[in-house]
Each structure stands twice: as structure tokens, then as C-alpha cells.
Amino acid sequence: MQKLYGGIEAGGTKFVCMVASSPEAVIEETRFPTTTPAETIQKAADFFRSTVQRGELKAIGIGSFGPVDLDPRSPTYGFITTTPKPGWAFADLCGGIHRELGVPIAFDTDVNAAAFGEHFWIEKNHGLDPFLYMTVGTGIGMGGLVNGKTLHGLIHPEAGHMFIPHDREADPFPGMCPYHGDCLEGLASGPALARRWGQPAETLADEHPAWDLEAEYLASALANLVLAFSPQRIVLGGGVPQHPGLLDLIRMKVRRHLNGYVKSDLVEKRIEELILAPALGSRAGVLGAIAMAVESNKEQ
């Protein structure tokens, strides 16, 4: 019998569901808008149901938008908690999928899942520790592995909400995070770019001043991550960093911010190996969820 695994990238805008055994062996994939918890969980469960009924699906990994409860001892383990997304605060995502399908579930944040997938599936990332992943799109999130395990603690990393220098004379935009105003996400997410400049980020010309400002904010954040975690690699995913030339500009500014303090060839000579785009591309989250399911099945 074929050994297959399920993956769910549960985003605030859309869900991506996949059945696969590896990135090269994807059997089925779908995506649909994130509506109400009941409707969205039902759609996700229905996608996997026939594979479960045939006895082929060994486990499902879920990488979810957050914040989420990752403490297995908690009565709200597997719940999305204080999200501002309407209707989803304290939604039981993990439990809802498990009740529908009855298979083992591995649960983590979407960015931890993406970090795990890049580390698990991509050979050049094997053995790199700490290993971080930051996504910049509708929101900004950070996940990673330390000592081979995804980062959990008080809750989980929320470095997308770190506070970075904000020169209000150069950039009078107040930020748009409903909790913190001008945190990193409030200043540098895709919606922040659109609101500040009055048009979607993807329509901004290459020479638009938006990109130098965006690079400055993201470089400040990444320099802080280098200093706080001493990572051996940072993968920078999401739609915004894919803008042509932005990644190189970010790398240059990270090196400038660090200013010779971190004595490593990866910073001073090979920064393109320290900060790079995801090898799994836009599928990093859902393939990371598949990797979580594979790993959880090994542990049983």
C-alpha cells in the first residue's frame, strides 16, 4: 500500500491542501479561500477523505496562521488564538481536522512549517542550525529550528511584530498593525506597502522609493535576527521579497547594519548563502506541513 501524507497550509487568505510523499511525488493539491472555520475545515477534510478511507494517508501536517496554541498540555492545544481575522479567534483547527478524519495530526505555525520543510527536503540546508525562515506577504512571520526542533516557548516566534527604527520624518506612515501600529508587519507587509503608496506592491515600479524603504525595514529585522539567533541560514519567503533586485538590496543593507561586528565569511563575503529565497518556492508552507507529517509518522 502506498504511504501518503497530507499537508495543510492554513493561511488567513487561503488554505492549500496537498497529498504527497515528497516534493517530487505530489498526488493531489487544491486551494480555496479561507471563509468561516466550519466551512473551511469541512472543505479541507473533504479533500483528504477518500485517501483516508482507502487507508493510504498516514498523517496530516498543519502549518497555520496564528497566533496558535502549541502546548500539548493546554486545553486549547491546536487552536488559533488571538488572531484579528474575523471569526477565527479561538477556532479549533487541529481538533476539527482530527475529528473529521481520525488520523494523526502534526501541528505548528505556518512559518515553522515552512522552515521545517526547507530544512527537511533541501539537501544544502541539512545540518544548518539555527535555521530561520521569514515570510513577507499579507503579514510577516518568522519561524525556525534550533537544535533540530521548531521554535516553541512562551508561545512561538512572533518576530514579524518586532519593533524596528522608524524615522517618521522620512516615513510619516503610522503603520497599520491593529496591535502595535508601526511594528515590522505594520510598516513592511504587503498591505502596509499598498496603503502607504496607494497601490498594490506588485504594481510599484522597480525605481520606486518604496523598495529602498522596504529593504531598509527588512534588513533591520534580519540584522536583529542574526544578532539574536546567530543563524547559519535565513530563508526569506513570501511574495514581497520576490520583487526583482530587492533581495540583493536587503543583503547589502544587512551587511551595513552589522558593520563588521559579526566576524563570519557568510556575512562579509558570502551573504547570498546566509540570506536566500526558498528552494521550495511558494510551496514551502504546504510541503513543510507534509514534512511534519512524515516526521511525526517516524516517531510513532
Task: Rounded to whole Hz, the Karplus (6.51, -1.76, 1.60) HN-Hα couplings of region 231-246, x for glycine and proline - done: x, 8, 7, 10, 9, 10, x, x, x, 4, x, 7, 4, x, x, 5
- [ ] Using +1 at the Cβ of each Lys and Arg and -1 at the Cβ of each Asp and Glu in region 127-252, identify which of L227, Q242, H208 lies farthest towards the dipole's positive end.
- [x] L227
TODO: Kindly list the residues of region 96-135 that lie in the label zone of D46, defined by a backbone N under 20 Å from the point 7 Å along the Cα-to-C-beta vector.
DONE: 96-103
- [ ] Note down, for region 125-278, the three equivalent ellipsoid semi-axes (square root of 5 times each alpha carbon gyration tensor eigenvalue), biggest first, whole angstrom.
- [x] 25, 18, 14
Open item on the list: Please report, in whole Å³, the volume per residue of the convex hull around the C-alpha atoms of the chain.
Closed with: 133 Å³
Open item on the list: Please list the three semi-axes, largest first and in whole Å, of the ellipsoid equivalent to region 94-182, using sqrt of 5 times the eigenvalues of its alpha carbon gyration tensor.
Closed with: 30, 19, 11
Open item on the list: Under the rule of at least 5 residues apart or a separate chain, name every residue whose amide H is placed under 5 Å from the amide H of A106.
Closed with: I60, G61, I62
TODO: Could you give the size of the charge dipole of region 103-202 about its Cα centre, using +1 on the Cβ of each K and R and -1 on the Cβ of each D and E, expressed in debye and rounded to the nearest 20?
DONE: 80 debye
Open item on the list: Please list, ordered by chain and number, the residues whose modelled amide H lies under 5 Å from the amide H of A91; skip anything fewer than 5 residues away on the same chain.
Closed with: I80
Open item on the list: Less than 10 Å Cβ to Cβ from S64, Lys/Arg counted +1 and Asp/Glu -1: what total charge do the surrounding residues give?
Closed with: -3
Open item on the list: A 22 angstrom limit on the alpha carbon distance is what I want to check against. Which of K149/K269; K3/K149; K14/K43; K43/K85; K14/K253 exceed it?
Closed with: K149/K269; K3/K149; K14/K253
- [ ] For region 185-202, take each phi angle, set θ = phi - 60°, evaluate the Karplus expression 6.51 cos²θ - 1.76 cosθ + 1.60, and give the result in whole Hz per residue in order, putting x for glycine and proline.
- [x] 4, x, 9, 10, 6, x, x, 5, 4, 5, 6, 4, 9, x, 7, x, 4, 5
Task: Unit Cα scatterers, Debye sum, region 195-264: log10 I(q)/I(0) for q = 0.22 Å⁻¹ - done: -0.97
TODO: For region 123-137, just list the computed ³J(HN,Hα) in residue order, Karplus coefficients 6.51, -1.76 and 1.60, θ = phi - 60°, integers in Hz, with x standing in for Gly and Pro.
DONE: 4, 5, 8, 4, x, 7, 7, x, 9, 10, 9, 10, 10, 10, x
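None of the figures in this text is laboratory data; all of them are computed from the coordinates on show. Since we're looking at a predicted model, the values are computed, not measured. A quick note on method: Cβ atoms are made from the backbone with ideal geometry, for glycine too, and the neighbour counts reach across all protein chains shown.
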